[in-house]
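Taking it in order: structure first as structure tokens, then the write-up.
The values are calculated or read from the model by the stated rules, or taken from the named source; none is laboratory data. On a predicted model such as this, the values are computed, not experimentally measured, just so you know. Cβ placement follows ideal geometry from the backbone for every residue including glycine, while neighbour counts extend to all protein chains displayed.
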Amino acid sequence: MQGQIANYSWTEELEKAVVNALSTSFGLDFLLFQDKVGGDVNTIHNVRQGVYATDEAKNAFANRPEYDSTAYHTHDNYKATGAHDKQQQQAGTLHDPYRNKTMGAGESRNLDHVISAYEVHNDPGRVLAGLSGVELANQSSNLQSTSETVNKSKKQKSVSSYLEGLPNLISQHQSSVAADEKRLAEMPRNSPQEKHEARVMEDRIASKKNKIKELESIDVKGMKKRDAEARAEYEKQIHDTYYQSKEFAKATTHAALNAGVNLGLRQALGLVFAEVWFELRTAIPRLVNEMKNDFSFTTFSKQIRDTLDAIWQRVTAKFADIVSAFRTGATAGFFGNIQNTITNIFKTTSKQSSKIIRELWVHVIGAIKLAIFNPEKLELVPLCQALVAMLSTGVAVVLGTLLHGYLLPLCTFPLGDEVAAFLSALATGIATVGLNYFLIYSPFAQKLWHRFAMSMPYAQDVQKFREINASLDKYLEDYSKLEFNMDADDLFMFAFDLKECNSELERNIVLRAQLEKQNVEVPFEMGNLASTKGFLKSLIK
């Protein structure tokens, strides 16, 4: 354990981490990706926030037709619903959920668009889905008969906005009534004209009091419930239409494939550039040292050719790794972009969020591939350590990305972007090395990993057999150094006899005969099971 910690090369690991970060996350990433707020695909949530992924969708909303009140209030279903509700009102069965009461036959009734026609017409989500505002506004779920006072005071407001201003509206009416009553008290009633004006004022006050009564009778919970029902149906139609459309599927697939190819290229080229750097790092100092005292163009040209050849050999040797890096990046880019699009259905992502999602997917896909395929055939504990190292690198990249977002506004001087990228890559490298050491190589982590290994079923037995196997390997190594007095014919016959054996007993006889013939001493008695077990037990003492 201590040897593993002592052999941990801080400088080498830090260099690898920084070079990898510079060549991928903070280098090629900014050339291959143009991250933007809201991602690469239009969503209903985003366009309602004024965030568009394409100019086409943005222009479609900007160039929508002007609101036409007549078209919204002369729709066939609007007129049919009004006629139907009129019959119910006359029959005394028309319920008004806004006030939670049955409307009287003599009440002034209006047909209200629960979600106002004006709001429907100017909804960016509706325009994105390509649905008719007139049809949506005049579906039965969005039409509600109520008092004329309530409908006309609601106007084009949403229910939530209307209810928020309702107390102030009632207060205004009450103030107006108080002013009219004061004016009425001061009005003379001597001539017929003065008496008529007083009666007009009395009727006006009575009308206002009736309005106040109707406004005060509004059932806030009932009105909100009716609004929620209308909006649920409205939102369902818009979301189902858009998110099940070919246009959305096409845009999502195109964006995901494009992101996959770009991220695959980033990972593959990043690996190539890293290999080029590691070769140049040793070649350049050697070249400078050889040329500084006795410069020769011929020698210089040869050294350059040798360096380029070494780079080519190094890169081609990594071809399988480069292809694997491309596949991992392409898969991560594809799924990362899809996740980004799904996230934007509910919440608008920032540029930084898009990059973080992408970086996390790179390491998640890498971890999944490692866990499933385990190309190096690692045992459980080393495999878990490799997975932890990979995921901790992802965390380090996220921290570096956050730092980069913080540094960019501060680095406004020339080459400020490059300085921010380098500092972020350096921080990523330090975080990577630090996390890997803490989670894998630190004394505390080593104790945890040892306990984990020992907690596995048959862990102690496996460890004993490993020790036995190591001892047997040593014996075999010692025996391999012995010179057996066997010519080629004897060796051939010995191998033939072993091959012809049909049981362990026959093999035992052949081996014992050969050992006696060669005068080889073994530390146990051939054919004696107790002696063999005793020898194996002695290996683990």
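When TYR52, TYR98, TYR67 are checked against the criterion of being surrounded by fewer than 19 Cβ atoms within 10 Å (Cβ to Cβ) and either in the same structural domain as ASP227 (by TED's automatic domain parsing) or not in a helix (DSSP H, G or I) (or both), TYR67 stands alone in meeting it.
THR253: at pLDDT 90 or above, assigned by TED's automatic domain parsing to the domain that holds GLU12, farther than 22 Å from SER23 by Cβ and of a type in the set (Val, Ile, Thr), yes or no? Taking the combined requirement at face value, the residue satisfies it. When region 262-321 is limited to residues that are aromatic (Phe, Trp, Tyr) and modelled with pLDDT of 80 or more, the one that is nearest to the chain's Cα centre (by Cα) turns out to be PHE273. Residues that are of a type in the set (S, T, N, Q) and assigned to a helix (DSSP H, G or I) were ranked within region 414-451; the one that is surrounded by the most Cβ atoms within 10 Å (Cβ to Cβ) is THR428.
For every residue, the table says whether it meets (1) on the phi < 0 side of the Ramachandran plot; (2) aliphatic (A, V, I, L, M); (3) surrounded by fewer than 18 Cβ atoms within 10 Å (Cβ to Cβ); (4) not assigned by TED's automatic domain parsing to the domain that holds PHE33.
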position: ASN337; (1), (2), (3), (4): yes, no, no, no
position: ASN344; (1), (2), (3), (4): yes, no, no, no
position: SER350; (1), (2), (3), (4): yes, no, yes, no
position: GLU359; (1), (2), (3), (4): yes, no, no, no
position: HIS363; (1), (2), (3), (4): yes, no, no, no
position: ILE372; (1), (2), (3), (4): yes, yes, yes, no
position: LYS377; (1), (2), (3), (4): no, no, yes, no
position: CYS384; (1), (2), (3), (4): yes, no, yes, no
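Across region 128-140, the number of residues qualifying as buried (at least 17 other Cβ atoms within 10 Å of the Cβ) and under 36 Å from the mean Cα position of the chain (by Cα) comes to 6.
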